[in-house]
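A.B. asks: Please see the structure below; I have some questions.
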Amino acid sequence: MKENVVTQRLEALRAWMLEEKVDACIFPSTDPHNGEYVPDHWKGREWISGFDGSAGTAVVTLQEAALWTDSRYFIAASEQLAGSGYVLMKERLEGTPSIAEWIGDTLKIGGRVCVDGMVLTANDAVGLEAELREKGDFTLVTDTDPLDAIWTDRPPLPENPIVIHPLEYAGEGTDSKLLRIRQAMKQSGADAMLVTSLDDIAWTLNLRGSDVHCNPVFVAYLLIDSQGAVLFTNQKKVDSTVEDYLHGFDVEVEGYDHVAYRLRMMSHCRLLMDPNVVNYTLYHATRCQVVAKTSPIPTMKSVKNEVEIAGYRRAMERDGVAMVKFLCWLEKTMPGGRETEISIDRKLTGLRAEQDLFRGISFDTIAGYGYHGAIVHYEATEATDIPLQQKGLLLLDSGAQYLDGTTDITRTIALGPVSERQRRVYTLVLKGHIRLQLLKFPDGACGSQLDAVARSPLWKEGLNFLHGTGHGVGSYLNVHEGPHQIRMEWKPAPLHAGMTVTDEPGIYVEGDFGVRIENTLLITPYMENQFGRFLQFEPLTLCPIDLAPVDFSLLDEEEKDWLNSYHKMVCDRIAPHLEGEELEWLKNATRKV
């Protein structure tokens with residue numbers, strides 16, 4: 001049925017392409033705000049391809065169709081695209097052509113390639129245009145969205161209300177943030193700045209929303225100048241309380257669709273726009289002198305203030321209580337043989353919902369048992385849901401949004417006997433996880449310089465993983481937050497005290513099992529001397545790491561000491577909130593090794 005629907009949509013698209021004299025259409029996963037997770041209105045790549053992963057690009061010609069995605073989704077995409085007419089292109093693997101190369105090979109030379117300029121960043125569009133010209137003298141068309149013509153039941157833009165994020169959780173007022181932003185604008189030689197990233201807007205104005213699944217943001221643009229600002233959003237979303245709040249900071253509210261008109265009317269200023277973030281259409285909508293520089297907001301947002309850090313600690317403590325209750329329940333219920341991937345997801349979400357300040361999950365839970373654990377971003381459905389058995393490994397990656405913090409944790413859990421291969425892989429992943437957290441490093445080092453530390457125990461055994469080792473985490477904001485990352489690819493954003501980042505190495509054996517262990521960390525000062533400032537990691541996540549699958553002969557004394565120290569901290573922080581069998585379970589799970 002699904003394949004037939006995709007086929008029908010491809011037929012409608014190709015009819016439109018013939019009428020408009022378009023030879024290829026490109027559908028990225030993003031929206032006009034360069035978001036990783038997007039409202040349903042902009043899920044065009046999913047609609048035209050049937051692939052529902054968060055990352056990927058679909059390309060359709062009059063005869064062919066292909067979809068590019070990364071290693072997190074190779075297995076899921078292969079299954080979802082079967083019979084759809086799409087060929088899977090595995091990004092970053094040798095032999096996989098770029099989109100422009102594939103179009104050039106497929107169409108040979110010349111022709112019109114269409115992509116909606118609202119969902120492609122300015123720099124991405126320029127790069128794509130240059131490569132298409134080089135590969136076959138193609139013309140890039142960016143002024144139309146083919147989905148407007150063929151997606152007849154396209155979801156409308158969300159109209160959910162915008163709410164104020166209290167200062168007791170934000171820790172810094174909007175007036176202070178706007179002042180810092182204006183100072184950074186001035187230093188960059190700009191009089192104004194267009195902000196398009198939804199989490200940057202929410203952070204700047206201390207507002208939150210519910211327009212994007214799992215991310216407490218709202219659809220809007222923000223134009224900041226030296227005197228005031230304009231928030232472009234659906235005015236139905238703004239009640240009188242929020243409007244009065246914004247007026248207190250000289251922030252006007254205009255309709256969401258007014259932004260392009262306002263940009264066209266601006267001519268006598270220097271407008272800062274980040275070409276790696278602002279979409280191609282809006283980037284070229286103004287007559288202003290464009291200052292093409294990186295937005296200062298992501299770096300400001302990534303360094304948490306003391307109030308936010310205190311909030312993380314409280315949120316992680318409550319999240320840890322929910323996790324321990326869940327793990328105790330899971331161990332007790334397993335002999336009954338009634339639980340499945342979906343049922344345990346519901347149980348864990350229910351336990352989190354009992355915690356104070358819970359506002360929802362921070363991403364769709366990954367509960368992959370057995371061979372499903374090898375699918376990096378697996379999400380169980382009614383069609384794929386399988387029962388848990390008292391053997392093998394369960395990979396559980398989950399998180400929550402609390403009013404005072406966002407959590408992200410992965411534990412791999414032995415549900416019974418495990419094979420020697422599973423035990424060895426689990427322990428090597430644990431070694432990599434620990435080695436990164438033991439690291440001391442100079443202030444300003446980037447995540448790419450640290451990445452090999454987590455991978456070294458795996459590389460020594462000829463093992464590797466293709467996803468990143470770590471990402472920033474928002475403060476009651478997006479669970480994936482930049483600009484810093486820890487990964488093999490070069491990401492030069494420096495690391496500083498006050499930043500949060502995850503530590504999540506993993507190994508995935510297709511068709512068999514997967515292992516990933518993840519804590520959210522806080523970067524803190526370590527020492528300062530004549531050689532400069534040095535930093536270290538402090539684990540924020542509070543949950544036992546399963547000891548059952550560990551081969552302790554593979555851990556050195558420093559790694560065992562870290563494990564014991566971490567488990568003592570977990571027990572000390574979580575035990576006061578538990579009693580009875582849950583408390584006894586925690587004490588056993590955090591026993592000294």
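The values are calculated or read from the model by the stated rules, or taken from the named source; none is laboratory data. Note that this is a predicted model, so its numbers are computed, not measured. Cβ sites come from the backbone with ideal geometry, for glycine too, and all protein chains shown count toward neighbours. Just the protein is used for accessible areas: all its heavy atoms, side chains included, with ligands, DNA and RNA removed. Shrake-Rupley method; radii C 1.70, N 1.55, O 1.52, S 1.80 Å.
A.B. asks: Can you report the number of residues in segment 306-342 which are modelled with pLDDT of 95 or more, small (Gly, Ala, Ser) and either over 25 Å from the mean Cα position of the chain (by Cα) or open to solvent by 20 Å² or more (accessible area, probe 1.4 Å) (or both)?
C.D. replies: 1
A.B. asks: Next question. How do the pairs read when you match residues in segment 280-301 that are on the phi < 0 side of the Ramachandran plot with residues anywhere that are among the hydrophobic types (A, V, I, L, M, F, W, C) and in a strand (DSSP E or B), using Cβ under 6 Å and keeping only pairs 6 or more apart or on different chains?
C.D. replies: Correct list of pairs: 283/273; 286/271; 288/271; 290/271; 290/273; 291/272; 293/272.
A.B. asks: With the condition kept exactly as written, say whether any residue in segment 12-19 is hydrophobic (A, V, I, L, M, F, W, C), on the phi < 0 side of the Ramachandran plot and either part of a strand (DSSP E or B) or within 29 Å of the chain's Cα centre (by Cα) (or both). Explain how you work it out, then say what you get.
C.D. replies: At the first step, the residues of segment 12-19 found to be hydrophobic (A, V, I, L, M, F, W, C) are 12-13, 15-18.
Add one more test, that the residue is on the phi < 0 side of the Ramachandran plot, and what stays is 12-13, 15-18.
Keeping just the survivors that are either part of a strand (DSSP E or B) or within 29 Å of the chain's Cα centre (by Cα) (or both) gives none.
Scanning segment 12-19, I find no residue that is hydrophobic (A, V, I, L, M, F, W, C), on the phi < 0 side of the Ramachandran plot and either part of a strand (DSSP E or B) or within 29 Å of the chain's Cα centre (by Cα) (or both), so the answer is no.
A.B. asks: Right, something else. Quick one: is residue 183 without any contact (Cβ under 8 Å) to a residue 24 or more places away in the chain, surrounded by fewer than 22 Cβ atoms within 10 Å (Cβ to Cβ) and either small (Gly, Ala, Ser) or out of contact with any Asp or Glu (no Cβ under 9 Å at 6 or more places or on another chain) (or both)? Don't jump to the end; show me each part of the working.
C.D. replies: Details: without any contact (Cβ under 8 Å) to a residue 24 or more places away in the chain: yes; surrounded by fewer than 22 Cβ atoms within 10 Å (Cβ to Cβ): yes; either small (Gly, Ala, Ser) or out of contact with any Asp or Glu (no Cβ under 9 Å at 6 or more places or on another chain) (or both): yes.
When the stated conditions are applied, residue 183 passes them.
A.B. asks: Okay, next question. Under the condition of being open to solvent by less than 30 Å² (accessible area, probe 1.4 Å) and within 17 Å of the chain's Cα centre (by Cα), which residue from segment 453-473 is nearest to residue 210 (Cα to Cα)?
C.D. replies: Going residue by residue through segment 453-473, those that are open to solvent by less than 30 Å² (accessible area, probe 1.4 Å) are 454-455, 457-458, 465, 467-473.
Checking the rest, the ones that are also within 17 Å of the chain's Cα centre (by Cα) come to 467-473.
Values: 467: 28, 468: 27, 469: 28, 470: 25, 471: 22, 472: 21, 473: 18 Å.
Only one residue tops the list, namely 473.
A.B. asks: Name the one entry in 141, 163, 126 that is open to solvent by 40 Å² or more (accessible area, probe 1.4 Å) and closer than 26 Å to residue 24 by Cα. Lay out the reasoning, then the answer.
C.D. replies: Numbers: 141 fails: open to solvent by 40 Å² or more (accessible area, probe 1.4 Å); 163 fails: closer than 26 Å to residue 24 by Cα.
Result of the check over 141, 163, 126: 126.
A.B. asks: Another one. When you scan segment 477-490, do you find a residue that is touching a residue at least 12 places away in the same chain (Cβ under 8 Å), under 17 Å from residue 412 (Cα atoms) and open to solvent by less than 10 Å² (accessible area, probe 1.4 Å), even just one?
C.D. replies: To start, the set of residues in segment 477-490 that are touching a residue at least 12 places away in the same chain (Cβ under 8 Å) comprises 477-490.
Checking which are under 17 Å from residue 412 (Cα atoms) leaves us with none.
No, there is no match, as no residue in segment 477-490 is touching a residue at least 12 places away in the same chain (Cβ under 8 Å), under 17 Å from residue 412 (Cα atoms) and open to solvent by less than 10 Å² (accessible area, probe 1.4 Å).
A.B. asks: Which residues, counting only those in segment 9-58, are farther than 18 Å from residue 83 by Cα, open to solvent by 10 Å² or more (accessible area, probe 1.4 Å) and acidic (Asp, Glu)?
C.D. replies: 19, 20, 23, 36, 40
A.B. asks: Within the set of pairs 6+ apart or on separate chains, which have a first residue in segment 555-568 that is within 17 Å of residue 426 (Cα to Cα) and basic (Lys, Arg), a second that is in a loop (DSSP other than H, G, I, E, B) and open to solvent by 50 Å² or more (accessible area, probe 1.4 Å), and C-beta atoms under 7 Å apart?
C.D. replies: Between residues of segment 555-568 that are within 17 Å of residue 426 (Cα to Cα) and basic (Lys, Arg) and residues that are in a loop (DSSP other than H, G, I, E, B) and open to solvent by 50 Å² or more (accessible area, probe 1.4 Å), the close pairs are 560/593.
A.B. asks: Being touching a Phe, Trp or Tyr at 6+ places or on another chain (Cβ under 8 Å) and more than 24 Å from residue 398 (Cα to Cα), is that true of even one residue in segment 570-593? Reasoning before the result, please.
C.D. replies: Keep residues of segment 570-593 that are touching a Phe, Trp or Tyr at 6+ places or on another chain (Cβ under 8 Å), which gives 593.
Filter once more, so that each one left must be more than 24 Å from residue 398 (Cα to Cα): 593.
For segment 570-593, residues touching a Phe, Trp or Tyr at 6+ places or on another chain (Cβ under 8 Å) and more than 24 Å from residue 398 (Cα to Cα): present.
A.B. asks: Here is a further query. Consider residue 287 against the criteria (1) modelled with pLDDT of 95 or more; (2) surrounded by fewer than 18 Cβ atoms within 10 Å (Cβ to Cβ): it satisfies all of them except one. Which criterion is unmet?
C.D. replies: So residue 287 meets the others, but not (1).
A.B. asks: Now for a separate question. Could you please find all residues in segment 267-284 being more than 26 Å from residue 206 (Cβ to Cβ), of a type outside the set (Ser, Thr, Tyr) and open to solvent by 30 Å² or more (accessible area, probe 1.4 Å)?
C.D. replies: 268, 270, 284
A.B. asks: I want to confirm something. Restricting to segment 492-513 and keeping residues that are part of a loop (DSSP other than H, G, I, E, B), of a type in the set (D, E, K, R) and modelled with pLDDT of 95 or more, which single residue is nearest to residue 399 (Cα to Cα)? Before the answer, list the steps.
C.D. replies: First, the residues of segment 492-513 that are part of a loop (DSSP other than H, G, I, E, B): 492-493, 495-498, 504-505, 510-512.
Imposing the further condition that a residue be of a type in the set (D, E, K, R) reduces the set to 504, 510, 512.
The next check asks that each one be modelled with pLDDT of 95 or more; those that pass are 504, 512.
Numbers: 504: 14, 512: 25 Å.
Only one residue fits best here, namely 504.
A.B. asks: Within segment 540-578, how many residues turn out to be of a type in the set (Ser, Thr, Tyr) and surrounded by fewer than 18 Cβ atoms within 10 Å (Cβ to Cβ)?
C.D. replies: Here is the first cut: in segment 540-578, the ones of a type in the set (Ser, Thr, Tyr) are 541, 553, 565-566.
Next, only the ones that are surrounded by fewer than 18 Cβ atoms within 10 Å (Cβ to Cβ) stay: 553, 565.
Looking only at that region, the number is 2.
A.B. asks: Okay, next question. Could you tell me which residue of segment 101-120 is surrounded by the fewest Cβ atoms within 10 Å (Cβ to Cβ), considering only residues that are modelled with pLDDT under 95 and hydrophobic (A, V, I, L, M, F, W, C)?
C.D. replies: Here the answer is 109.
A.B. asks: Being hydroxyl-bearing (Ser, Thr, Tyr) and touching a Phe, Trp or Tyr at 6+ places or on another chain (Cβ under 7 Å) is the filter; apply it to segment 377-421 and report the residue that is surrounded by the fewest Cβ atoms within 10 Å (Cβ to Cβ).
C.D. replies: Within segment 377-421, the subset hydroxyl-bearing (Ser, Thr, Tyr) is 378, 381, 384, 398, 402, 406-407, 410, 412, 419.
Narrowing further to those that are touching a Phe, Trp or Tyr at 6+ places or on another chain (Cβ under 7 Å): 402, 406, 412.
Numbers: 402: 24, 406: 30, 412: 28.
So the residue we want is 402.
A.B. asks: Which residue out of 48, 99 is closer than 30 Å to residue 210 by Cβ, of a type in the set (A, V, I, L, M) and in contact with a strand residue (DSSP E or B) (Cβ under 8 Å, 6 or more places away or on another chain)? Before you say what the answer is, go through the steps one by one.
C.D. replies: Details: 99 fails: closer than 30 Å to residue 210 by Cβ.
On inspection, the qualifying residue turns out to be 48.
A.B. asks: Specify the residue that is surrounded by the most Cβ atoms within 10 Å (Cβ to Cβ); the eligible residues are those in segment 514-534 that are in a strand (DSSP E or B) and of a type in the set (A, V, I, L, M, F, W, C).
C.D. replies: Taking segment 514-534 first, the residues in a strand (DSSP E or B) are 514-516, 518-529, 532-534.
Now restrict to residues that are of a type in the set (A, V, I, L, M, F, W, C): 515, 521-523, 527, 534.
Details: 515: 24, 521: 22, 522: 20, 523: 22, 527: 11, 534: 15.
Here the answer is 515.
A.B. asks: Let me ask you something else. Of all residues in segment 491-513, how many are surrounded by fewer than 17 Cβ atoms within 10 Å (Cβ to Cβ) and in contact with a Pro (Cβ under 7 Å, 6 or more places away or on another chain)?
C.D. replies: 1
A.B. asks: Please verify whether residue 213 is more than 25 Å from residue 270 (Cα to Cα) and open to solvent by less than 10 Å² (accessible area, probe 1.4 Å), treating the condition exactly as stated.
C.D. replies: Numbers: more than 25 Å from residue 270 (Cα to Cα): yes; open to solvent by less than 10 Å² (accessible area, probe 1.4 Å): no.
No.
A.B. asks: Can I ask one more? Determine whether residue 364 is closer than 22 Å to residue 546 by Cβ and in contact (Cβ under 8 Å) with a residue 24 or more places away in the chain. Explain how you work it out, then say what you get.
C.D. replies: Working: closer than 22 Å to residue 546 by Cβ: no; in contact (Cβ under 8 Å) with a residue 24 or more places away in the chain: yes.
Spelling it out, it is not the case that residue 364 is closer than 22 Å to residue 546 by Cβ and in contact (Cβ under 8 Å) with a residue 24 or more places away in the chain.
A.B. asks: Which of (1) modelled with pLDDT of 95 or more; (2) under 24 Å from the mean Cα position of the chain (by Cα); (3) more than 30 Å from residue 201 (Cα to Cα) does residue 476 not meet, given it meets every other one?
C.D. replies: Of (1) modelled with pLDDT of 95 or more; (2) under 24 Å from the mean Cα position of the chain (by Cα); (3) more than 30 Å from residue 201 (Cα to Cα), only one is false for residue 476: (3).
A.B. asks: Quick check, is residue 230 part of a loop (DSSP other than H, G, I, E, B) and at pLDDT 95 or above?
C.D. replies: So residue 230 fails the test.
A.B. asks: Shifting gears a bit: Can you name every residue in segment 546-593 that is in a helix (DSSP H, G or I) and in contact with a strand residue (DSSP E or B) (Cβ under 7 Å, 6 or more places away or on another chain)? Steps first, please.
C.D. replies: Residues of segment 546-593 in a helix (DSSP H, G or I): 552-554, 557-577, 580-589.
Matches in segment 546-593: 566 only.
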